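Worksheet for the structure shown next.
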């Protein structure tokens with residue numbers, strides 16, 4: 001296992017981190033694999049990863065994440081708290097709510113987290129998160145009080161990550177990306193504003209979808225050249241820990257065409273990098289729909305179709321009437337987005 005410094009935190013983290021969702025006993029229907037191990041087995045899996053060199057363990061408090069936080073706390077006590085780094089998250093944007101949840105996390109873990117993230121900050125709730133007396137302010141107060149060591153923002157949106165990078169209150173940013181959905185990673189790599197921030201990457205396997213076409217080594221080695229300190233992998237078995245945390249990850253800078261050509265052996269992929277440069281005057285997010293199309297063909301048919309049906313009809317009607325076509329103007333892949341939306345709409349009928 002190799003290690004990297006996490007921004008300016010002074011923390012030295014393993015290149016591969018342990019995501020604890022797969023070891024929970026709760027309700028996360030989006031997971032491709034759901035293991036629900038009992039406490040002793042879950043602790044043994046985390047211990048196995050630790051012996052492979054993993055020192056970074058990530059969890060969260062939302063109710064659907066079940067007992068992952070508690071299991072991590074038991075593991076931390078067994079292995080020795082001083083030997084691992086714990087990051088935790090709560091999906092609350094109000095400062096009072098966030099303060100309460102961090103204290104609840106510390107109680108459940110039986111220890112104080114090293115890093116605490118405001119979870120799933122998006123373009124709709126970011127103003128509350130970053131506002132005075134918002135969740136980020138609460139984390140800063142908890143940092144001053146010694147309850148946590150560092151503050152974090154976790155987001156799937158580049159605009160939110162950029163706002164966090166420009167905010168001196170934020171120590172660590174966690175966002176998503178992989179060799180297919182590389183748009184946010186590319187934009188982060190291009191911007192000096194992210195230098196000095198701790199950067200954690202999740203969704204390296206695309207929630208497990210890309211494992212149908214690529215090996216763990218190809219997926220992990222394919223992201224480590226981007227400026228992230230740690231690739232966070234959801235681990236649910238000893239075998240998954242072995243696959244993700246082998247000593248050597250052959251580095252490979254995948255050309256995007258290589259990725260889509262590999263996927264094209266199974267289906268016709270939409271070559272969307274999820275750069276999020278597509279804009280819609282009506283507020284629809286085309287990149288989410290295009291992602292669900294790819295996920296549908298990569299093994300998540302039921303879940304992806306269910307997600308698509310939430311608003312695909314409305315988006316299709318909006319695209320059909322739209323004369324602006326602003327979504328296409330900044331697309332680096334030159335995708336004909338309205339035509340793709342029509343195709344996906346017809347697929348859901």
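Things worth noting here:
- Matching option when the condition is buried (at least 23 other Cβ atoms within 10 Å of the Cβ), within 30 Å of residue 44 (Cα to Cα) and free of Cβ contacts under 8 Å to residues at least 60 places away in the same chain, among 235, 220, 153, 200: 153
Conditions tested, residue by residue: (1) within 23 Å of residue 12 (Cα to Cα); (2) within 17 Å of the chain's Cα centre (by Cα); (3) surrounded by fewer than 18 Cβ atoms within 10 Å (Cβ to Cβ); (4) not assigned by TED's automatic domain parsing to the domain that holds residue 173.
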residue	(1), (2), (3), (4)
36	no, no, yes, no
68	no, yes, no, no
80	yes, no, yes, no
84	yes, no, no, no
113	yes, no, no, no
119	yes, yes, no, no
125	no, no, no, no
134	no, no, no, no
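- Answer from 241, 264 - the residue that is out of contact with any strand residue (DSSP E or B) (no Cβ under 7 Å at 6 or more places or on another chain), over 23 Å from residue 155 (Cα atoms), buried (at least 22 other Cβ atoms within 10 Å of the Cβ) and at pLDDT 95 or above: 241
- In the range 201-215, of all residues being touching a strand residue (DSSP E or B) at 6+ places or on another chain (Cβ under 8 Å) and not in a loop (DSSP other than H, G, I, E, B), the one that is farthest from residue 185 (Cα to Cα) corresponds to 202.
- Set 35, 70: member being over 29 Å from residue 167 (Cα atoms), part of a helix (DSSP H, G or I) and at pLDDT below 95: 70
- Just one of (1) surrounded by fewer than 17 Cβ atoms within 10 Å (Cβ to Cβ); (2) touching a helix residue (DSSP H, G or I) at 6+ places or on another chain (Cβ under 8 Å) fails for residue 160. It is (1).
- When restricted to residues that are outside any loop (DSSP other than H, G, I, E, B), over 15 Å from the mean Cα position of the chain (by Cα) and farther than 17 Å from residue 1 by Cβ, the range 221-240 contains 1.
- In the range 310-331, of all residues being surrounded by 13 or more Cβ atoms within 10 Å (Cβ to Cβ) and under 27 Å from the mean Cα position of the chain (by Cα), the one that is modelled with the lowest pLDDT corresponds to 311.
- Residues that are within 27 Å of residue 127 (Cβ to Cβ) and not in a helix (DSSP H, G or I) within the range 83-111 comprise 87, 88, 89, 90, 91, 92, 93, 94, listed in sequence order.
- Selected residue (criterion: farthest from the chain's Cα centre (by Cα)) from residues of the range 244-257 that are loosely packed, with under 13 Cβ neighbours inside 10 Å and at pLDDT 95 or above: 257
- The range 163-197: number of residues that are surrounded by 24 or more Cβ atoms within 10 Å (Cβ to Cβ), in contact (Cβ under 8 Å) with a residue 60 or more places away in the chain and either more than 12 Å from residue 274 (Cα to Cα) or over 15 Å from the mean Cα position of the chain (by Cα) (or both): 4
The values are calculated or read from the model by the stated rules, or taken from the named source; none is laboratory data. Note that the structure is a prediction, hence the values are computed from the model and not measured. Here Cβ is always computed from backbone atoms with ideal geometry, including for glycine, and neighbour counts include all displayed protein chains.
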